[in-house]
1. Determine the shielding of peptide B:39-51 by partner chains: average, over its residues, the number of Cβ atoms on other chains within 10 angstrom of each Cβ.
2. With chain B treated as a Gaussian network of Cα nodes joined by springs under 10 Å, which of B:Gly43, B:Gly29, B:Gly93 yields the largest mean-square fluctuation?
3. Report, in cubic angstrom per residue, the convex hull volume of the C-alpha atoms of region A:59-114.
4. Sorted by packing (mean other beta-carbon atoms within 10 Å per residue), highest first, where do A:50-60, B:100-110 land?
5. Check region A:7-115 and count each lysine pair with an alpha-carbon distance under 24 angstrom, considering only pairs eight or more places apart or from different chains.
6. Which whole number gives the average, over all residues in A:25-34, of C-beta atoms from other chains lying within 10 Å of the residue C-beta?
7. So for A:Glu103, B:Glu69, A:Glu72, fewest C-beta neighbours within 10 Å to most, what's the order?
8. Need the C-alpha centroid separation for region A:21-86 versus region B:55-85, integer Å.
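Bear in mind that the values in this text are calculations on the coordinates, not laboratory data. Keep in mind it's a predicted model, so treat the numbers as computed, not measured. Cβ coordinates were reconstructed from backbone atoms using ideal geometry, including for glycine residues, and neighbour counts include every protein chain displayed.
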Amino acid sequence: DVKVTQSSRYLVKRTGEKVFLECVQDMDHENMFWYRQDPGLGLRLIYFSYDVKMKEKGDIPEGYSVSREKKERFSLILESASTNQTSMYLCASSPLGTGDTGELFFGEGSRLTVL
Amino acid sequence: GDSVTQMEGPVTLSEEAFLTINCTYTATGYPSLFWYVQYPGEGLQLLLKATKADDKGSNKGFEATYRKETTSFHLEKGSVQVSDSAVYFCALGRNTNAGKSTFGDGTTLTVKP
C-alpha cells in the first residue's frame with residue numbers, strides 16, 4: 001500500500017519558535033508538495049519539489065522554507081512561527097512517469113497551533 | 001492558467017437522497033481530472049479520476065464524467081449515506097515535473113439520517 005507519513009498529527013508551538021514538519025513517502029515519487037488548509041480558503045500550495053535538492057515556490061511561500069535532501073523526505077520549516085501560521089498542513093507526493101496522471105497521494109495532515 | 005470552479009457549499013442531504021456537486025474547469029491541453037474526499041480529521045484521498053475526454057471515473061457509488069465540450073466533471077451519487085459526510089474537492093492535475101494540481105475550494109457534504 002502506498003504511504004505518505006507526516007511526522008506529527010498535532011503540534012503546539014510558541015510564537016518565534018522554529019518548527020519542522022516532516023514528510024516521508026515510500027513510493028519513490030519524484031514530486032512532493034506542501035499545502036496548508038484553512039477554513040474558507042481551500043488548499044493553498046506553499047512549496048513543491050520535483051527532485052532531490054530542487055524546490056519551487058508555490059502560491060504562499062512567505063514565512064516558510066523547505067528541504068529535500070533525500071528523494072523520500074520533504075521537510076517544511078517555519079523559521080519563526082507566528083500565530084497566523086496556525087493551520088492544517090498537508091504533504092502530498094506524485095509520481096512522474098509514462099502513464100502517470102498527476103494523481104496526488106496525501107498524508108494525514110499535521111495540525112499546527114501557534115500560541 | 002488553470003482554474004477549477006466548484007459548487008459552493010455546504011450541502012445538507014437526507015440519507016438516500018441524490019447527490020450532485022458541480023465542477024467546471026479552465027485549462028489548456030489535456031489535464032487529468034480528480035475528485036478527492038477528506039473525512040473529518042484526515043488528509044485527502046482519491047475518490048475517482050478520469051484521464052481523458054468522455055472517461056467516466058467511479059468508486060464507492062460515486063461517478064463523474066470528463067466532459068470536454070462543457071469543461072465539466074460533476075460528481076454524482078444516486079443514494080448517499082451518513083458515512084459519505086465529508087469535504088469533496090474537485091481537482092485538475094498534470095503529469096509533468098512541475099505538475100502542480102489545481103483545486104476547487106471544496107464542498108462540505110453533511111448527510112442526515
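1. Counting other chains' Cβ atoms within 10 Å and averaging over B:39-51 gives 4.
2. B:Gly29
3. Numbers: hull volume 5.7 nm³, N = 56.
Value for region A:59-114: 101 Å³ per residue.
4. With the highest mean Cβ count within 10 Å placed first, the list reads B:100-110, A:50-60.
5. The result is 11.
6. 1
7. Lowest count first: B:Glu69, A:Glu72, A:Glu103.
8. So the two Cα centres are separated by 30 Å.
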